[in-house]
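What follows is a set of notes on a single structure, which appears directly below.
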Amino acid sequence: MDTSKKTEKIKKSKQYEVSEESVKRKAKFCPKCGAGVFMAEHKNRRTCGKCGYTEMK
């Protein structure tokens, strides 16, 4: 197992943008898992870490 590659965790607080009275999500939610499960943004795709659903850009 290669341990030289480390992944960086993204905090949930960075997935939202807060303006005066509204909160807007930056990332897309998984259509299969529903609200609360964000999809990971890759260069050429979006992927759900929970169910494995993938959308190509």
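Just so it is clear, none of the values below were taken in a lab; they were calculated from the coordinates. Predicted model only: the values in this text are computed from it and were never measured. Here Cβ is always computed from backbone atoms with ideal geometry, including for glycine, and neighbour counts include all displayed protein chains.
Listing 56, 39 from the residue with the fewest other Cβ atoms within 10 Å to the one with the most, what is the order? Mind dumping the intermediate values first?
Numbers: 56 7, 39 20.
Arranged by neighbour count, lowest to highest, 56, 39 become 56, 39.
Of (1) 24, 43, 23, 9, 1; (2) 26, 50, 20, 5; (3) 20, 43, 29, 7, 1, which is the value of P(r) over Cα pairs in 10 Å bins from 0, in percent derived from the coordinates here?
It is the value labelled (3).
Within the chain, count lysine pairs with alpha carbon atoms under 15 angstrom apart where the residues are 8 or more positions apart or belong to different chains.
Lysine pairs meeting both conditions in the chain amount to 14.
For the charge dipole of the chain, defined by +1 on Lys and Arg C-beta atoms and -1 on Asp and Glu C-beta atoms about the Cα centroid, which residue among 27, 52, 39 has the Cα displaced farthest towards the positive pole?
Working it through, the farthest residue towards the positive pole turns out to be 52.
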